[in-house]
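Report on the structure given below.
The values are calculated or read from the model by the stated rules, or taken from the named source; none is laboratory data. As the structure is a computational prediction, the values presented were derived from the model and not from experiment. As a convention, Cβ positions derive from the backbone with ideal geometry for all residues, glycine included, and neighbour counts pool all protein chains shown. Accessible surface is based on the protein model in full, side chains and every heavy atom, while ligands, DNA and RNA are left aside. Shrake-Rupley method; radii C 1.70, N 1.55, O 1.52, S 1.80 Å.
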Amino acid sequence: MNFAQIKELKDKIFLGYKADKQDAMSLIKTDNIEALYYSANQIRAKFCGPYFEMWSVYHQILGRCENDCSFCPMSKISKVDYYLTNDNTTIQDQIASMVSLKNKGVKMFEIDVTHTSLNDNQLEDMIQSLNEIKRKANIDLCASFGALTFSQLKHLKEAANINHYHCNIETSEKFYPQICSTINQKDKFETLVNAKKLGFYTCSGVIIGLGESIEDRIDMALKLRDLNVDAISLNTMLPFAGTPLEKQPMLSNQEILTTFAIFRFLNPKAQIRFARGRTLTRIIEKDSLRTGINASIVGELLVNAKSSDIDYDIQLFENEGFIIRK
């Protein structure tokens, strides 16, 4: 696509057109990268306005993970001794950190678990933890408990008064078998559909840089649109020594920025946020914020990757003209 064709597609999206896979493949091949990024940012401004949200993540360790995700330092095939070094905080420590971050403008805290699903007893324990956090800290929470049944989701919404649910799909349906054999991706899809039916604000995420193709990334974006998720976390692959993907080549800056822009073209109304791997994109963060991003995971509670300084983040986001929604 040339400049005029990119502008024409953007204008059609403004009027309600849903870009398709062919459109996205054409955008990928453009020689006018700057026009692609600029137009993606205009789409963000049109549908999402100048507002920016900061989220933080706390990871609840429920024992060793039973799955074989090739990218994760917590998987059963990982040689990383993650559990001995990261299971040493109390719930009071967590609440204190959350309150501190809330006071600086973090809007939402996602509570994540090591498991891809919970039995009823585990879910009940997590509900008690959520209620204790809300009672003592008065903060907004998002549950990320993997693939739950409809009845479990319903119970979670009623017993914990939680309105946000998160479940990563990780990658495209075509590429998924190459990174995990123990989790049925369709269970994740069903969980997101059921959560939406129950009135949850739904969040999902993907990881780029696992070895997938450009076409896979487009398929991810389209699948998330089909699932009608409200928010999308874009994780950039962070290689960990001791995992099967420890020597996975890094994505180029242009690949990362182009992926962000394509996700915005295909999901014009979704919240699209920086997630894990931000330290890899520090050199292009300002450029990233001009390709359609309108949220970020921030703060020291971020798991699996060194997080950035929240005061630096606030200044960065505001200098780019965003209004932080608290």
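Looking across the stretch 26-46, the residues that are touching a residue at least 12 places away in the same chain (Cβ under 8 Å) and either open to solvent by 60 Å² or more (accessible area, probe 1.4 Å) or in contact with a strand residue (DSSP E or B) (Cβ under 7 Å, 6 or more places away or on another chain) (or both) come down to Lys29, Asp31, Tyr38, Lys46.
Residues in the stretch 182-226 that are out of contact with any strand residue (DSSP E or B) (no Cβ under 7 Å at 6 or more places or on another chain), buried (at least 16 other Cβ atoms within 10 Å of the Cβ) and modelled with pLDDT under 95: 1 in all.
Residue count for the stretch 48-77 satisfying the condition of being under 19 Å from the mean Cα position of the chain (by Cα) and surrounded by fewer than 16 Cβ atoms within 10 Å (Cβ to Cβ): 1.
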